[in-house]
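Enquirer: Before I ask anything, here is the structure I am working with.
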Amino acid sequence: MDDAYQTKRLREEGAIILGKANLHEFAFGFETISSLGGQTYNPYDVSRYPGGSSGGTAAAVTSNFVTVCLGTDTGGSIRIPSSFNNLVGIRPTMGLASRDGIIPLALTQDVGGPIARTVEDAAIVLDAIAGYDPDDPVTAASIGNVPKTYAHYLKKNGLKNARIGVVRELFGSDPQVNKVMNQAIADMEALGAEVYEVTIPNLSQVLAFSSLSSYEFKFQLNDYLASLGPNAPYKTLTDIIDSGLYHPSLRSGLISRNNRESLDNDPEYQRIITERPKLAKDSLMATFSEYELDALVYPTSNALPAVVGSGQGAGNANRLSPFSGFPAISVPAGFSENGLPVGMEMLGKEFDESTLIKLAYSYQEGTQHRKAPELE
């Protein structure tokens, strides 16, 4: 056995690896429940979900069990638990950091990235994990696109003259989330930003595309299991289903994914991988260019952490980053009336993590929303 690439890089930089946290099983959802670790609870209200799928990771960081963690994000799994736990989470540009060693959900969308209590901690982790890895060919795109250090962009005046686009269409109907976001917008203006209300062309079409986790999972998981060698206890997704050793809530999802016979002969899959990236990138860049924007902003989740047992929604704003491959950062924006964290997501242009870090750090330093949970 060997470390995943990102874990290996952290060790090489002197990090002490303490362990693994609970994950929503196979990264399938936002509740963070698994057959191995059970249900993870939100430290700000232990009757509620911590977000997911990297919810155990976020709960560990916000509870001060660890300094930083790595999460994975296919459709929101770094950013949503960061939002629900009053943390900073970075979903890097596709190709910035290697996925080698990460169990795949959908490699078209999968990335790994930092979850931390501060923007500076997240930037330090990103320094360690960014760059080319021959074992993940998409990281060839990172060559020439990684600064000497992201820490250089930790500037308190980073929002001065910044151009921010607010995407109202991605706000939901929760008045408390929207109240926090409206205050965040006012705070960014007070910190020197120029804020514009913008619309993204073709937004409803982009968000209507399916996530590819329901298509790619079986085939890529089977490849991953094959890479573990002949002594691995399970060789295929079929073996896992037959074992019964998974959380019961996953059964129908595992079976439906396992029933897919091919990706090459699936016209809907081929349509998505052909049309979705171009439409998403072109639509976002049209908005960035029209207003000469540094970032787009909207709630990371348009819903608050839900009571365990009631099901967890989050809206679909989290899809913009994985569907385009563009980077996004979630930062603490405030709290609901009953003390539940609310996160703000900033979406940047491809390989422009440095700008997102600059904006997020300036916002963090100007608002100081980070507050640890009161643990009993």
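Enquirer: Which condition from (1) within 18 Å of A122 (Cα to Cα); (2) crowded, with 24+ Cβ neighbours inside 10 Å; (3) among the polar types (S, T, N, Q) is the one that Q368 breaks?
Expert: Failed condition: (2).
Enquirer: Quick one: which residue in L304, L296, L250 is hydrophobic (A, V, I, L, M, F, W, C), surrounded by 17 or more Cβ atoms within 10 Å (Cβ to Cβ) and touching a Phe, Trp or Tyr at 6+ places or on another chain (Cβ under 7 Å)?
Expert: L250
Enquirer: Then there is this: Collect the residues in the stretch 283-305 that are farther than 20 Å from M188 by Cα and in contact (Cβ under 8 Å) with a residue 40 or more places away in the chain, keeping them in residue-number order.
Expert: Within the stretch 283-305, S283, L284, M285, A286, E290, A303, L304, P305 qualify.
Enquirer: Given G76, G101, G95, which one is touching a residue at least 40 places away in the same chain (Cβ under 8 Å) and buried (at least 24 other Cβ atoms within 10 Å of the Cβ)?
Expert: So the residue among G76, G101, G95 that is touching a residue at least 40 places away in the same chain (Cβ under 8 Å) and buried (at least 24 other Cβ atoms within 10 Å of the Cβ) is G76.
Per-residue answers, yes or no, for (1) in a helix (DSSP H, G or I); (2) under 26 Å from I240 (Cβ atoms):
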{"residue": "L10", "(1), (2)": "yes, no"}
{"residue": "I16", "(1), (2)": "no, no"}
{"residue": "G19", "(1), (2)": "no, yes"}
{"residue": "F26", "(1), (2)": "yes, yes"}
{"residue": "G52", "(1), (2)": "no, yes"}
{"residue": "F65", "(1), (2)": "no, no"}
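Enquirer: Further question on the same structure: Find all pairs meeting these conditions: Cβ atoms under 7 angstrom apart; at least six residues apart or on different chains; first residue within the stretch 308-331 and part of a strand (DSSP E or B); second residue of a type in the set (F, W, Y) and crowded, with 22+ Cβ neighbours inside 10 Å.
Expert: These pairs meet every condition: V331/Y363.
Enquirer: Is it fair to say V146 is over 14 Å from the mean Cα position of the chain (by Cα) and crowded, with 24+ Cβ neighbours inside 10 Å?
Expert: Considered against the rule, which asks whether it is over 14 Å from the mean Cα position of the chain (by Cα) and crowded, with 24+ Cβ neighbours inside 10 Å, V146 comes out as no.
Enquirer: Give the residues of the stretch 112-125 that are closer than 19 Å to K20 by Cα and in contact (Cβ under 8 Å) with a residue 60 or more places away in the chain, sorted by residue number.
Expert: Of everything in the stretch 112-125, those that are closer than 19 Å to K20 by Cα and in contact (Cβ under 8 Å) with a residue 60 or more places away in the chain turn out to be G112, I115, R117, A122, V125.
Enquirer: Mind checking which residues of the stretch 173-207 are among the hydroxyl-bearing types (S, T, Y) and either at pLDDT below 95 or within 30 Å of I273 (Cα to Cα) (or both)?
Expert: Correct list: T199, S204.
Enquirer: Here's a follow-up. Quick check on this structure: which one of A295, A286 is of a type in the set (G, A, S) and in contact with a strand residue (DSSP E or B) (Cβ under 6 Å, 6 or more places away or on another chain)?
Expert: Sole residue among the options that is of a type in the set (G, A, S) and in contact with a strand residue (DSSP E or B) (Cβ under 6 Å, 6 or more places away or on another chain): A295.
Enquirer: Check every one of the helices (runs of 4 or more DSSP H) wholly within the stretch 147-262 and list those with 2 or more residues that are over 30 Å from D352 (Cα atoms).
Expert: Where helices (runs of 4 or more DSSP H) fall fully within the stretch 147-262 and carry at least 2 residues being over 30 Å from D352 (Cα atoms), they are 175-190, 213-227, 237-243, 251-258.
The values are calculated or read from the model by the stated rules, or taken from the named source; none is laboratory data. Keep in mind the model is a prediction, meaning the values are calculated, not measured. Please note: Cβ atoms are built from the backbone with ideal geometry, for glycine as well, and neighbour counts cover all protein chains shown.
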